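Single-structure report; data block below.
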Amino acid sequence: MSRPLAMGWLLGAAALLAAALPAGATTPPVDQKQACLACHEDIRTSLAARVPHAPAASGECSACHNPHVSRFAGLLKDRPAPLCGNCHAGVEAELRMPSVHLPAADGKCGDCHAPHGASHAGLLREKAPGLCASCHAQVPEWQARPVQHPPFAAGECASCHAPHGGEHAGLAPAAPADLCGSCHAAGAQFTAAHGGYPVQQGDCQQCHDPHASARPGLFRAEMHAPFETGDCSLCHARPGAPEPLRVKAPLSQLCGDCHAEAVAASRQAAFPHVSAGGEDCSACHNPHTADGSGLLKGEQADLCTTCHDPGGARSGQPGRFTTHGDGLECSTCHAPHGGDQPLLLASNSIELCGACHSHQHSATHPLGEAARDPRNGQAMDCLSCHGIHDAPHAKYLHLAGERDLCLSCHKELAGPR
């Protein structure tokens, strides 16, 4: 049937239907719930769940779905985020907070909430922390630790985290001091436990893991030696001083008192790390406790990309860098405090890359002083063709395909394409 003929047939059928109805009459109401269940029997169990979604329970399927056609999956009338926001205006406000839960930011409401009905409050697909563990792989590890923060042990993740968006990092609804202080009052016992120092306005997470630990007091796994021995006055003024938490000397001097060799080496490096040399050790290291070696403030990939790829792939946004290899730390290739190679490489790229890529380096393009890059006159090395982790093409090549890459130097070989 041709398109004009089909359209005429539909218009004619509509006219006949209209003519068959009495004047002023409308089509009879549809029992949406029963009509939908005639085909969608699989949602009957969800509709009978302990916590039903109000529109579904009342049979208003068309509140969320278009019964005929839609541009969106599931015949939804709009994308999930704005569709849910029509009723849940409070969530819309939370999505404008400085720290937003990634599924909520991406409009993936269904990752956490069941659309028709669920056994748990808030239409959650599963109770916390099981639901949180579906994305946050650290949860089972925390659960295996002997000392657990009571809210975490009770599965009350929402006590400390806002589910959609919060004012502070980690979806916290309040600053660390205020959030922790809501349960841990800063009385005499609290002050005594902290050596007499007024830490109640500090960042509690500098010393304590907010979820679980192998140490009493929820202290993190690694401790700075003065902190572990309780000798806080080695770095800070004594309790009772006008500014007791003030460090006794600039970090460039204070850290060098104990770590003289590391500080001196970083200062003498041809390419020092910008925060090394004792100028701002606390940019990367926690001066009290940490989860990993070296008292680093976080995993290397997260810590380094804070400055070197802000807003990049590690935060779920498009970024410049991609991970090089599986499980490699940044310090596998880079000297964290500084060195004699550009890009803070631990050694020259030929030696560094050859340590892992030995096969490739046994049958490779000529490298070293005897092979000069005609583009810049420098000795050819691995970086002449490959990026470390920021080249856009396969095998970290700077240019796509063998032709484009090779002809960037060997222009004499170019022929008609």
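The values are calculated or read from the model by the stated rules, or taken from the named source; none is laboratory data. Remember, it's a predicted structure, so these values are computed and weren't measured experimentally. Cβ coordinates were reconstructed from backbone atoms using ideal geometry, including for glycine residues, and neighbour counts include every protein chain displayed. With ligands, DNA and RNA removed, areas are computed over all heavy atoms of the protein, side chains included. Shrake-Rupley method; radii C 1.70, N 1.55, O 1.52, S 1.80 Å.
Hey, can you tell me all the residues within region 197-219 that are in contact with a helix residue (DSSP H, G or I) (Cβ under 9 Å, 6 or more places away or on another chain) and assigned to a loop (DSSP other than H, G, I, E, B)?
Of everything in region 197-219, those that are in contact with a helix residue (DSSP H, G or I) (Cβ under 9 Å, 6 or more places away or on another chain) and assigned to a loop (DSSP other than H, G, I, E, B) turn out to be 197, 198, 202, 203, 207, 209, 210, 211.
Looking only at residues in region 389-408 that are in a loop (DSSP other than H, G, I, E, B) and open to solvent by less than 30 Å² (accessible area, probe 1.4 Å), which one is farthest from residue 357 (Cα to Cα)? First the steps, then the outcome.
So in region 389-408, the residues in a loop (DSSP other than H, G, I, E, B) come out as 389-392, 398-400, 408.
From the residues that got through so far, the ones that are open to solvent by less than 30 Å² (accessible area, probe 1.4 Å) too are 391, 408.
Numbers: 391: 17, 408: 24 Å.
Selected residue: 408.
Tell me, yes or no, whether region 147-158 has at least one residue that is buried (at least 19 other Cβ atoms within 10 Å of the Cβ) and charged (D, E, K, R).
No, there is no match, as no residue in region 147-158 is buried (at least 19 other Cβ atoms within 10 Å of the Cβ) and charged (D, E, K, R).
Considering only residues that are within 30 Å of residue 297 (Cα to Cα) and in contact with a helix residue (DSSP H, G or I) (Cβ under 7 Å, 6 or more places away or on another chain), which ones fall in region 333-382?
Answer for region 333-382, where residues must be within 30 Å of residue 297 (Cα to Cα) and in contact with a helix residue (DSSP H, G or I) (Cβ under 7 Å, 6 or more places away or on another chain): 333, 334, 335, 337, 338, 345, 346, 349, 353.
Can you find even one residue in region 233-248 that is in a loop (DSSP other than H, G, I, E, B), open to solvent by 70 Å² or more (accessible area, probe 1.4 Å) and either touching a residue at least 24 places away in the same chain (Cβ under 8 Å) or closer than 26 Å to residue 335 by Cβ (or both)? Show your work before the answer.
To start, the set of residues in region 233-248 that are in a loop (DSSP other than H, G, I, E, B) comprises 235, 237-246, 248.
Going one step further and asking which of them are open to solvent by 70 Å² or more (accessible area, probe 1.4 Å), we end up with 238, 240, 242-243, 245-246, 248.
Still in the running and either touching a residue at least 24 places away in the same chain (Cβ under 8 Å) or closer than 26 Å to residue 335 by Cβ (or both): 240, 245.
Looking through region 233-248, at least one residue is in a loop (DSSP other than H, G, I, E, B), open to solvent by 70 Å² or more (accessible area, probe 1.4 Å) and either touching a residue at least 24 places away in the same chain (Cβ under 8 Å) or closer than 26 Å to residue 335 by Cβ (or both).
All but one of (1) open to solvent by 30 Å² or more (accessible area, probe 1.4 Å); (2) part of a helix (DSSP H, G or I); (3) farther than 30 Å from residue 217 by Cα hold for residue 266; which doesn't?
(1)
Across region 59-74, which residue is farthest from residue 124 (Cα to Cα) among those that are open to solvent by less than 70 Å² (accessible area, probe 1.4 Å) and outside any loop (DSSP other than H, G, I, E, B)?
Per the criteria, the residue is 62.
Working only within region 290-309, note down all residues that are without any contact (Cβ under 8 Å) to a residue 24 or more places away in the chain, hydroxyl-bearing (Ser, Thr, Tyr) and either part of a loop (DSSP other than H, G, I, E, B) or surrounded by fewer than 18 Cβ atoms within 10 Å (Cβ to Cβ) (or both).
Passing the criteria: only 306.
Does residue 249 satisfy the condition of being of a type in the set (Gly, Ala, Ser) and under 35 Å from the mean Cα position of the chain (by Cα)?
no
Give the residue, chosen from 413, 405, that is out of contact with any Lys or Arg (no Cβ under 8 Å at 6 or more places or on another chain), of a type in the set (A, V, I, L, M) and more than 27 Å from residue 334 (Cβ to Cβ).
Every option except 413 fails the conditions.
Among the candidates 272, 287, single out the residue that is buried (at least 17 other Cβ atoms within 10 Å of the Cβ) and at pLDDT 90 or above.
Working: 272 fails: at pLDDT 90 or above.
Only one candidate passes the filter, namely 287.
So for region 79-90 (the condition being part of a loop (DSSP other than H, G, I, E, B), more than 31 Å from the chain's Cα centre (by Cα) and either surrounded by fewer than 17 Cβ atoms within 10 Å (Cβ to Cβ) or not aromatic (Phe, Trp, Tyr) (or both)), does at least one residue qualify?
Among the residues of region 79-90, not one is part of a loop (DSSP other than H, G, I, E, B), more than 31 Å from the chain's Cα centre (by Cα) and either surrounded by fewer than 17 Cβ atoms within 10 Å (Cβ to Cβ) or not aromatic (Phe, Trp, Tyr) (or both), which makes the answer no.
Let's see how each residue does on (1) within 20 Å of residue 292 (Cβ to Cβ); (2) modelled with pLDDT of 90 or more; (3) open to solvent by less than 40 Å² (accessible area, probe 1.4 Å); (4) more than 23 Å from the chain's Cα centre (by Cα):
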| site | (1), (2), (3), (4) |
| --- | --- |
| 165 | no, yes, yes, no |
| 171 | no, yes, yes, no |
| 197 | no, yes, yes, yes |
| 220 | yes, yes, yes, no |
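Of all the residues that make up region 375-388, how many are assigned to a helix (DSSP H, G or I) and either loosely packed, with under 15 Cβ neighbours inside 10 Å or among the aliphatic types (A, V, I, L, M) (or both)?
Total satisfying the criteria: 1.
Which one is nearest to residue 55 (Cα to Cα), of the residues in region 94-104 that are open to solvent by less than 90 Å² (accessible area, probe 1.4 Å) and in contact (Cβ under 8 Å) with a residue 60 or more places away in the chain?
It comes out as 104.
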